[in-house]
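Here the structure is laid out as structure tokens; the discussion comes afterwards.
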Amino acid sequence: MGRLFLYHEGFDLAWRLYEAGWSAWYAADIRMHHPLTTPARHALYHRLAARNRIWIAYRNLPVPLLPVYLSAWTTITLARAVRGGGLGQTLHGMCEGWTTRRTQQRRRPMSWRTVYQLTVAGRPPII
């Protein structure tokens, strides 16, 4: 099975925690320090971010939400790529995610109860 590497593994974890009956909150007072790096997006970012969005959607979302989520994020991602660069790598990542989703990811869709809980918490799993 394919493993998420960089980008969006936090969404996957949060959705699975909600499905298991846990909840989450935003802890604004926690400070994280990362090594100084350039803020510019790079080819690996564009490819893996696009691929991983498709993988986590396929893995976690009920079938009726898949086209809603993927349409919203395709629009957002392509708009960002056209404006900020990386369009080719983004399209490559989307193609990779779509063509490998079934072989690299095991479906474990969340329940509609979890969809409701995420929505009530202000985190609807469609955007």
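The values are calculated or read from the model by the stated rules, or taken from the named source; none is laboratory data. What you are looking at is a predicted structure, and each value in this text was computed from that prediction instead of being measured. Here the Cβ positions follow ideal geometry from the backbone for every residue, glycine too, while neighbour counts run over all protein chains shown. For accessibility, only protein heavy atoms count, side chains too; no ligands or nucleic acids. Shrake-Rupley method; radii C 1.70, N 1.55, O 1.52, S 1.80 Å.
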Report yes if R47 is open to solvent by 60 Å² or more (accessible area, probe 1.4 Å) and farther than 16 Å from R123 by Cα, otherwise no.
-> no
Residue check, R16 modelled with pLDDT of 85 or more, under 16 Å from the mean Cα position of the chain (by Cα) and surrounded by 10 or more Cβ atoms within 10 Å (Cβ to Cβ) = yes
Do we have any residue at all in segment 20-38 that's under 15 Å from Q105 (Cα atoms), among the aliphatic types (A, V, I, L, M) and open to solvent by less than 60 Å² (accessible area, probe 1.4 Å)?
-> no
List the pairs whose first member sits in segment 93-106 and is within 13 Å of A49 (Cα to Cα), whose second member is in a helix (DSSP H, G or I) and of a type in the set (F, W, Y), and whose Cβ atoms are under 6 Å apart, counting only residues at least 6 apart or on separate chains?
-> G97/W55
Pairs, please: C-beta under 8 Å, at least 6 apart or cross-chain, first residue more than 19 Å from R113 (Cβ to Cβ) and in segment 1-26, second open to solvent by 90 Å² or more (accessible area, probe 1.4 Å) and of a type in the set (D, E, K, R)?
-> M1/R106
Tell me which residues, restricted to segment 7-39, are of a type in the set (D, E, K, R) and in contact with a Leu (Cβ under 9 Å, 6 or more places away or on another chain).
-> D12
Of all residues in segment 63-76, count the ones that are more than 14 Å from the chain's Cα centre (by Cα) and surrounded by 15 or more Cβ atoms within 10 Å (Cβ to Cβ).
-> 0
Take L36 and decide whether it is within 23 Å of G88 (Cα to Cα), modelled with pLDDT under 90 and of a type in the set (A, V, I, L, M).
-> no
When segment 77-99 is checked residue by residue, the ones that are in contact with a Lys or Arg (Cβ under 8 Å, 6 or more places away or on another chain) and open to solvent by less than 40 Å² (accessible area, probe 1.4 Å) are T77, G85, G86, T90, G93, M94, G97
Do we have I126 as surrounded by fewer than 20 Cβ atoms within 10 Å (Cβ to Cβ) and either closer than 22 Å to W22 by Cα or of a type in the set (D, E, K, R) (or both) here?
-> yes
